[in-house]
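Chemist: Provided herewith is a single structure, encoded as structure tokens, for subsequent inquiry.
The values are calculated or read from the model by the stated rules, or taken from the named source; none is laboratory data. Not measured: the values here are computed from a predicted model. Note that each Cβ is placed from the backbone with ideal geometry, even for glycine, and that neighbours are counted across all protein chains shown. These area figures cover heavy atoms from the full protein model, side chains too; ligands, DNA and RNA do not enter into them. Shrake-Rupley method; radii C 1.70, N 1.55, O 1.52, S 1.80 Å.
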Amino acid sequence: MTGPDQLPLPLPVRPALGREDYFVSRSNGLAVALMDDWRNWPNRKLVLVGPHGAGKTHLAHVWAAETGAVIVPAKGLETADVPALANGPLCVEDVPAIAGDRPAEEALFHLHNLTLAQGQPLMVTAQTPPALWPLVIPDLKSRMEGTQTATLPNPDDTLLSAVLAKLLADRQCVPAPDVIPYLVRHMPRSFAMARELVSALDAHAMTRPKGITRALAREVLSRLEPPPPNLPE
């Protein structure tokens with residue numbers, strides 16, 4: 001804990017990416033079940049879709065730990081060793097990031113076909129469904145649109161509470177017991193806002209002797225989002 005005259009010393013953020021660190025609730029349960037059933041994916045492939053911060057990378061690491069998969073970003077595929085990547089289970093993250101980049105799209109198309117020809121499972125991730133990806137290679141676009149999709153929606157109360165707790169723990173922050181229930185009741189329901197709130201709480205708590213309290217949570221929330229009338233103390 002820092003005093004009023006001390007410089008805050010930010011601690012490194014260490015995201016926990018194990019299966020035991022991923023909380024399953026009613027809102028994300030179907031997507032997790034589809035991922036777990038990877039041996040029965042139609043054509044051995046799956047698109048994992050969800051908003052920023054929904055846990056796509058976390059689930060990709062859970063799946064990789066189970067299958068031995070390699071995780072690669074879509075950007076940079078044009079220089080990757082495609083035959084080597086196709087030799088085992090594979091996850092390609094953020095495919096829409098290469099939309100319009102023809103060399104990268106061609107590499108993904110080749111990688112897609114070779115991976116499946118080798119009998120290996122393929123997962124790809126994105127924030128939006130494949131129909132919205134502005135891919136320029138028609139055959140790649142049709143193959144992505146024909147892939148089974150698992151969607152991570154915005155969180156319910158149970159999942160949002162768990163996400164806030166995990167994000168705080170990743171930053172080695174210990175909030176007062178009433179902070180998370182208060183935030184869940186009053187914050188916008190999105191993963192992105194959860195990350196923004198936790199980052200702001202961490203930054204402000206470094207100079208507050210009482211740490212992360214409900215009063216600080218209310219203050220930070222009111223700064224990040226116009227507060228509703230009579231936001232309770």
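Chemist: If you scan the range 139-169, which residues turn out to be of a type in the set (Asp, Glu) and at pLDDT below 95? Working first, answer last.
Modeler: The initial filter retains those residues of the range 139-169 that are of a type in the set (Asp, Glu), namely 139, 145, 156-157.
Passing the criteria: 156, 157.
Chemist: On to the next question. Within the range 147-159, does at least one residue satisfy the condition of being free of Cβ contacts under 8 Å to residues at least 60 places away in the same chain, open to solvent by 40 Å² or more (accessible area, probe 1.4 Å) and over 19 Å from residue 100 (Cα atoms)?
Modeler: Yes - at least one qualifying residue is present in the range 147-159.
Chemist: Could you figure out which of (1) among the hydrophobic types (A, V, I, L, M, F, W, C); (2) modelled with pLDDT of 90 or more; (3) assigned to a helix (DSSP H, G or I) isn't true of residue 136?
Modeler: (3)
Chemist: Restricting the range 204-220 to residues that are at pLDDT 90 or above and not charged (D, E, K, R), which is surrounded by the fewest Cβ atoms within 10 Å (Cβ to Cβ)?
Modeler: 215
Chemist: Are there any pairs with C-beta distances below 7 angstrom linking a residue in the range 174-194 that is free of Cβ contacts under 8 Å to residues at least 24 places away in the same chain and under 9 Å from residue 214 (Cα atoms) to a residue that is part of a helix (DSSP H, G or I) and of a type outside the set (Phe, Trp, Tyr), with the two at least 6 apart or on different chains, and if so which?
Modeler: From the range 174-194, the pairs are 180/161; 180/164; 180/165.
Chemist: Among (1) open to solvent by 10 Å² or more (accessible area, probe 1.4 Å); (2) out of contact with any His (no Cβ under 8 Å at 6 or more places or on another chain), where does residue 192 come up short?
Modeler: Failed condition: (2).
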